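Below is one structure; the comments refer to it alone.
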Amino acid sequence: MATFDDIEIRRPALAESYLALLAAQPGRPLALFAPRRVGKTYFLDHDLAPAAQTVGILPVYADLWLHKSAPLEALNHALEESLDDLSVPGSRVGRLAKTPVRKLGGLGVSVELGEVPDRRSLPEAPGLRLDALATRIVKQGGKVLLMLDEVQTLADAADGETLIATLRAVLHKRRADIAAVFTGSSREGLARLMSAAGAPMYQFAQMLDFPVLGEEFLAMLAKHFAKVHPGKSLELAALQEAFQRIGYKPALMRDIVKGMSAEGLTDVGQGVAHFLASDSQRAIWAALVAPLDTFERGVLLAIAQGRPPLGRETLAALPVHGGKPTVSRVRTAIDRLRRAGLVSKSAAGLLVDDPLFAEFLLGSGKT
């Protein structure tokens with residue numbers, strides 16, 4: 001039986017449009033921005049990768065967020081795995097077909113044995129290894145689509161500028177055969193990476209806003225709810241309002257509607273309120289706050305309240321043990337909050353990255 005989790009929105013037309021853009025500008029990647037958990041990775045895996053395969057392009061995916069301390073090594077690992085898949089197919093017949101053959105004769109019998117020739121080992125230095133892997137994978141697999149999730153992580157690495165310069169050099173060198181799509185959940189981080197004058201990636205990629213899911217997804221949720229609960233329905237306008245409120249996160253919207261289904265609720269606002277008040281969700285948000293000291297929590301609350309953290313009145317109200325809160329200390333706290341993924345910078349200023357987390361902070365009145 002189908003469940004809410006089986007509801008999927010596929011966007012082949014969007015995938016094809018991105019591939020067409022890449023084909024029209026060889027050597028220039030696309031940099032897609034959207035907040036976390038709005039469906040970027042799902043799109044790469046379920047829409048863009050299959051679309052690339054359909055036209056004979058090999059998709060290679062690497063999540064740099066999960067390997068912040070060594071993002072280039074994570075990329076190399078993804079290339080090595082893809083190269084292994086090309087070199088050693090899964091079936092025995094495939095492996096034999098990939099193995100060069102030599103003939104041995106003796107006593108009137110000729111036997112064919114497979115023997116894999118030795119290849120020069122890959123360089124140990126990550127930058128040189130990336131170039132060598134790119135060369136090999138193109139020779140064996142043809143055109144490649146490199147998909148780098150959370151690419152702004154490169155800038156946060158200890159030798160970030162060197163890593164970024166290496167990546168650009170390889171993509172430029174292999175521009176006829178390797179296309180690239182970057183994603184980022186920090187608009188500021190992505191812009192800094194791609195737009196800083198004099199930086200390695202300056203004006204290298206075309207920056208685009210990744211579109212969030214729309215009414216079609218919500219209509220499918222409402223339709224399934226009505227199927228599960230005959231005689232009951234969810235108001236589409238209320239679903240749209242809630243979807244906007246939670247930051248257009250499809251998995252979270254599913255969880256809220258599933259909770260409503262379990263309780264038989266049809267009031268979407270009440271469903272969101274139940275989610276906010278649930279012990280499990282509050283425990284998750286409390287765990288985000290736990291590593292912060294009192295001063296950092298005060299800065300976080302001020303941002304959630306929409307107050308300028310460096311304003312005179314905000315500084316005077318921040319909790320501090322001994323001495324006075326300083327602009328320098330506030331900036332240090334903001335840097336930590338940004339590195340933790342709790343706050344981000346927008347055109348309107350600093351904001352809490354997750355709107356529901358911001359509601360939790362405001363509702364608690366303290367952190």
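The values are calculated or read from the model by the stated rules, or taken from the named source; none is laboratory data. Please read these numbers as outputs of a predicted model, since none were measured by experiment. Reconstructed Cβ throughout: ideal geometry from the backbone, glycine too, with neighbour counts over all protein chains shown.
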Exactly one of Ala205, Ala238 is touching a residue at least 24 places away in the same chain (Cβ under 8 Å), within 22 Å of the chain's Cα centre (by Cα), farther than 17 Å from Pro35 by Cβ and crowded, with 17+ Cβ neighbours inside 10 Å, and that one is Ala205
Ala31 fails exactly one of (1) farther than 30 Å from Arg339 by Cα; (2) modelled with pLDDT of 90 or more, namely (1)
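When only residues in region 72-87 that are among the acidic types (Asp, Glu) and under 20 Å from the mean Cα position of the chain (by Cα) count, which is surrounded by the fewest Cβ atoms within 10 Å (Cβ to Cβ)?
Of all residues in region 72-87, those among the acidic types (Asp, Glu) come to 73, 80-81, 84-85.
Remaining after also requiring under 20 Å from the mean Cα position of the chain (by Cα): 73, 81.
Values: Glu73: 15, Glu81: 13.
Once the filter is applied, the top-ranked residue is Glu81.
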Taking the criterion of being at pLDDT 85 or above and farther than 30 Å from Gly269 by Cβ, would at least one residue in region 229-242 satisfy it? no
Can you name the condition, by its number, that Phe295 falls short on among (1) assigned by TED's automatic domain parsing to the domain that holds Val170; (2) under 30 Å from Thr332 (Cα atoms)? (1)
How many residues are under 15 Å from Ala78 (Cβ atoms) and at pLDDT below 85 when one looks only at region 135-162? 3
Out of (1) more than 24 Å from Pro355 (Cβ to Cβ); (2) modelled with pLDDT under 90, the odd one out for Ser344 is which? (1)
In region 7-27, what residues are out of contact with any strand residue (DSSP E or B) (no Cβ under 8 Å at 6 or more places or on another chain) and of a type in the set (S, T, N, Q)? Ser17
Note: among Ser364, Ser261, just one is in contact with a Phe, Trp or Tyr (Cβ under 7 Å, 6 or more places away or on another chain) and farther than 23 Å from Ala155 by Cα, namely Ser261
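Tell me, which residue of region 47-71 that is in a helix (DSSP H, G or I) and more than 16 Å from the chain's Cα centre (by Cα) is farthest from Ala157 (Cα to Cα)? Reasoning before the result, please.
As a first pass, look at region 47-71 and keep what is in a helix (DSSP H, G or I): 47-54, 65-67, 71.
Cutting the leftovers down to more than 16 Å from the chain's Cα centre (by Cα) gives us 50-54.
Values: Pro50: 31, Ala51: 32, Ala52: 30, Gln53: 32, Thr54: 35 Å.
Applying the filter and picking the extreme gives Thr54.
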Give Asp353, Asp293 a once-over and let me know the one that is free of Cβ contacts under 8 Å to residues at least 12 places away in the same chain and under 28 Å from Ser69 (Cα atoms). Asp293
